Amino acid sequence: MEPEFKPLTGWRRYWAIYTALWRNSVVREMSFKANFLLWIVVEMLWFVLQLCFIAVLYQHTDSIATWSQWQVVFLVGANHFIQQVFVALFLTNCSNLSELIRTGRMDFILLLPVNTRFLLSLRQVDLGGFLNAASAIGVMIYAGQKLHLAPTLAQVAGFFMLCGASVIIHYSLMLLLASTSFWTVRAQGIVWGYYNLFNIARMPDAAFNGFFKAFFTYALPMLLVANVPVKLLLQRLSSPFEMALLVLLSAGCFVVSEAVWRLALRQYTSASS
């Protein structure tokens with residue numbers, strides 16, 4: 001007698017789905033190896049240009065708002081690491097949302113027996129992003145040696161936890177902006193405009209003040225996403241408040257994006273309507 005088949009449920013079912021999505025992503029990337037390698041090279045060159053820009057700045061000054069050259073290099077590396085993890089997991093999926101709505105393929109995704117946000121957010125994985133994130137870790141290790149850093153295991157774990165919170169902030173805000181596609185149909189300009197704000201995160205927050213600093217700390221927390229994890233390792237945190245603020249804002253951004261996402265889905269009338 002054949003054993004009874006028991007369908008997967010709960011988190012096991014979603015883990016199986018995500019594993020299948022990873023396999024599909026690997027097959028897709030390997031089918032276009034030249035494109036895969038080209039994008040890695042482009043991102044590497046952009047990262048090198050950022051480091052060269054910092055080197056040029058420090059030919060004319062000894063510090064930027066009390067941050068030394070290698071501290072800023074560490075910050076640039078951390079920002080690139082967070083950015084590339086976000087790119088690997090979420091960027092392509094969020095930026096493609098408007099195209100799914102415009103072409104009507106969103107109708108078929110809504111019919112699938114799986115959480116729509118889960119599928120839309122994670123259905124493609126950019127494997128090159130992980131390789132670029134690894135190069136950022138290499139830069140951080142080198143800068144850490146120049147700074148004679150000796151972080152504890154707890155500090156390293158806290159750093160990666162805060163980086164995870166930063167990735168959630170980027171993902172939540174990007175999905176929130178992409179959700180405007182349900183009303184405007186095309187929102188690529190808004191989505192990629194937000195992506196350009198990553199450039200703000202690579203600079204020390206102490207270099208800014210007034211309204212600009214307040215806006216990019218509490219409204220669009222670009223000055224928190226890389227600065228707080230790095231300041232933990234550099235022992236520049238004035239209090240645990242900054243870490244708590246980053247975690248709370250990541251949770252708040254996720255909740256707001258979920259509310260806007262649900263509202264947008266209720267407004268969706270399909271491409272044929």
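Would you be so kind as to identify which of ALA150, ASN93, ILE168 lies farthest towards the positive end of the dipole of the range 12-267, taking Lys and Arg as +1 and Asp and Glu as -1 on Cβ and the Cα centre as origin?
ASN93
Roughly what angle does helix 153-178 make with the longest principal axis of the chain, taking Cα atoms, 0 to 90 degrees, to the nearest 10?
Taking the Cα atoms of the chain, the angle to 153-178 is about 50 degrees.
Counting other C-beta atoms within 10 Å, which of PHE211, PHE130, PHE74 has the fewest, and how do the rest follow? Mind dumping the intermediate values first?
Working: PHE211 8, PHE130 14, PHE74 25.
Exposure proxy ranking, most exposed first: PHE211, PHE130, PHE74.
Report, in degrees rounded to the nearest 10, the 0 to 90 angle that the Cα long axis of helix 69-86 makes with the longest principal axis of the chain.
0 degrees
Angle between the Cα long axis of helix 33-57 and the longest principal axis of the chain, 0 to 90 degrees, nearest 10?
In the chain, helix 33-57 runs at an angle near 30 degrees to the longest axis.
I'd like to know which of GLN83, PHE198, THR103 lies farthest towards the positive end of the charge dipole of the chain, counting +1 on Cβ of Lys and Arg and -1 on Cβ of Asp and Glu.
Of the candidates, THR103 comes out farthest on the positive side.
Which three semi-axes in whole Å describe the equivalent ellipsoid of the chain, each the square root of 5 times a Cα gyration tensor eigenvalue, listed largest first? Walk me through the intermediate numbers first.
On the way: eigenvalues 250, 94, 75 Å².
Largest first, the chain gives 35, 22, 19 Å.
Say the dipole of the chain comes from +1 at the beta carbon of Lys and Arg and -1 at that of Asp and Glu; which of LEU119, VAL255, VAL26 then lies farthest toward its positive end?
LEU119
On a C-alpha basis, how far is the centre of the range 13-61 from the centre of the range 166-218 in Å? Whole number, if you could?
Cα centroid of the range 13-61 versus Cα centroid of the range 166-218: 20 Å apart.
What distance in nm separates the two pseudo spin-label positions at VAL26 and TYR142, each 7 Å out from Cα along the beta-carbon direction?
Between VAL26 and TYR142, the label points sit 3.0 nm apart.
Treat every Asp and Glu Cβ in the chain as -1 and every Lys and Arg Cβ as +1, leave all other atoms uncharged, and give the resulting dipole magnitude about the Cα centre to the nearest 20 debye.
Details: 18 positive and 11 negative charges, 65 e Å.
The dipole of the chain has a size of about 320 debye.
Just need the relative contact order of the chain here, percent rounded to a whole number, with Cα pairs under 8 Å and 6+ apart.
On the way: 292 pairs, mean separation 69.0, N = 273.
Relative contact order here is 25 percent.
How do THR103, THR180 rank when sorted from fewest to most other Cβ atoms within 10 Å of their own Cβ?
Numbers: THR103 10, THR180 17.
Neighbour counts put them in this order, fewest first: THR103, THR180.
As a footprinting exposure proxy, order SER63, SER25, SER238 by other Cβ within 10 Å, with the fewest listed first.
Details: SER63 12, SER25 18, SER238 7.
Ranking SER63, SER25, SER238 by Cβ neighbours within 10 Å, fewest first, gives SER238, SER63, SER25.
So, in nm, how far is label TRP11 from label ALA150 when the simple model puts each one 7 Å beyond its Cα toward the Cβ?
3.7 nm
Which value in deg cm²/dmol, rounded to the nearest 500, describes the helix-derived mean residue ellipticity at 222 nm for the chain, given -39,500 (n - 2.57) per DSSP H run of n ≥ 4 and division by the residue count? Display every interim value, and only then the final one.
Numbers: 16 runs with 195 residues, N = 273.
Per the formula, -22500 deg cm²/dmol.
In nm, to one decimal, how far is the modelled label at THR66 from the one at ALA157, with both set 7 Å along Cα→Cβ?
2.9 nm
Tell me, in nm to one decimal, what length is gained between GLU99 and TYR18 on full extension, where the rule is 0.36 nm per residue of separation less the Cα-Cα distance? Don't skip to the answer; put the middle values down first.
On the way: separation 81, 0.36 × 81 = 29.16 nm, distance 2.20 nm.
So the chain would gain 27.0 nm between GLU99 and TYR18.
Test of understanding: what is the full-extension gain from CYS52 to PHE211, defined as 0.36 nm times their sequence separation minus their Cα-Cα distance?
On the way: separation 159, 0.36 × 159 = 57.24 nm, distance 2.93 nm.
So the extension gain works out to 54.3 nm.
Values in this text are rule-based calculations from the coordinates and carry no lab data. Everything numeric here is computed off the predicted structure, so don't read it as measured data. Cβ coordinates were reconstructed from backbone atoms using ideal geometry, including for glycine residues, and neighbour counts include every protein chain displayed.
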